[in-house]
Amino acid sequence: MIDLRQGDCLELLKDIPDGSVDLILTDPPYKTTSRGSSGGTGGMLKSDINKSGMVFKHNTIKFDEWLPECFRVLREGGHAYFMTNNKNLLPMLKAVESAGFNIFKTLIWAKNTAITNMYYMDSHEYIIFCRKGKARKINNCGTKSVMFFDNPKNKAHPTEKPVGLMTQLIENSTNDSDVVLDLFMGSGSTGVAAVNTNRKFFGIELDPDYFKIAQDRINKACEVAA
Ligand SMILES: C[S@@+](CC[C@H](N)C(=O)[O-])C[C@H]1O[C@@H](n2cnc3c(N)ncnc32)[C@H](O)[C@@H]1O
């Protein structure tokens, strides 16, 4: 089952029954501002950021609007991963807890690229790893909390994530045929990883151009897997 929908996740999540998702893996939108040469971009290239301080068109949705819906649709014992940068880490941790999740820990994606910054170059992002209800261990307990995956080159989306990283997270927190949800698909990296690992996938993206890119990438992955 691959179910891809173009639209606002706040509307489309209403169609998903309570407790029906095994894993939420998502890279949500958040504001990133460009400030002079100090590089207050949260690890983004300035060329990726428009005049309103936005990396892409739709990033005004607030954490406390979508996180409670994520909690509702996740099954008891299900895991969730929320990606974020330094600037948004603290507010997102607070919002994740307020929504009802229990936080296991914060993981690091080490990108193997670095962006200029006066206060240490930016070369990583955070992944908040949490659960709903009772704790359940990951499938490969030998996985380290710092994960080294190359930042994708020739990106189809300015914040595109490596499929290898998404694959590792999916394999650790789900089993064959489990349902993975990404409510902010972008170019569809989570969906490609879900198809490659034989999981079911529910994906949402608001921007029609990125939706088309995600749809094409995920359909291609399905053809290869067939
Ligand atoms: C950080 S990007 C995700 C990038 C993705 N991880 C990838 O590998 O390409 C977040 C995405 O959320 C989308 N978005 C913003 N608001 C949304 C909403 N209300 N509903 C669904 N998607 C939304 C944006 O258009 C953007 O493409």
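The values are calculated or read from the model by the stated rules, or taken from the named source; none is laboratory data. Everything numeric in this text was worked out from a predicted model, so none of it was measured. All Cβ positions, glycine included, derive from the backbone under ideal geometry; neighbour counts span all protein chains shown.
Side notes on the structure shown:
- Meets criteria (within 9 Å of the ligand (Cβ to nearest atom) and either at pLDDT 95 or above or under 15 Å from the mean Cα position of the chain (by Cα) (or both)) for residue 213: yes
- Meets criteria (at pLDDT 95 or above and within 21 Å of residue 169 (Cα to Cα)) for residue 110: yes
- Counted residues, segment 95-122 - those being assigned to a strand (DSSP E or B) and in contact (Cβ under 8 Å) with a residue 40 or more places away in the chain: 6
- Where residue 28 falls short, out of the listed (1) within 15 Å of the ligand (Cβ to nearest atom); (2) modelled with pLDDT of 95 or more; (3) in a loop (DSSP other than H, G, I, E, B); (4) in contact with a Pro (Cβ under 9 Å, 6 or more places away or on another chain): (4)
- Residues of segment 162-210 that turn out to be away from the ligand (no atom under 14 Å from the Cβ), without any contact (Cβ under 8 Å) to a residue 40 or more places away in the chain and among the small types (Gly, Ala, Ser), as a count: 1
- Output for segment 93-112, where each listed residue is among the basic types (Lys, Arg) and more than 16 Å from the ligand (Cβ to nearest atom): 94, 105
- Residue satisfying condition, being loosely packed, with under 15 Cβ neighbours inside 10 Å, assigned to a helix (DSSP H, G or I), more than 15 Å from the ligand (Cβ to nearest atom) and modelled with pLDDT of 95 or more, within set 10, 90: 90
- Single condition residue 55 does not satisfy, out of (1) assigned to a strand (DSSP E or B); (2) of a type in the set (Val, Ile, Thr); (3) modelled with pLDDT under 95: (1)
- Considering residues of segment 115-161 that are among the aliphatic types (A, V, I, L, M) and within 13 Å of the ligand (Cβ to nearest atom) only, the residue nearest to residue 77 (Cα to Cα): 127
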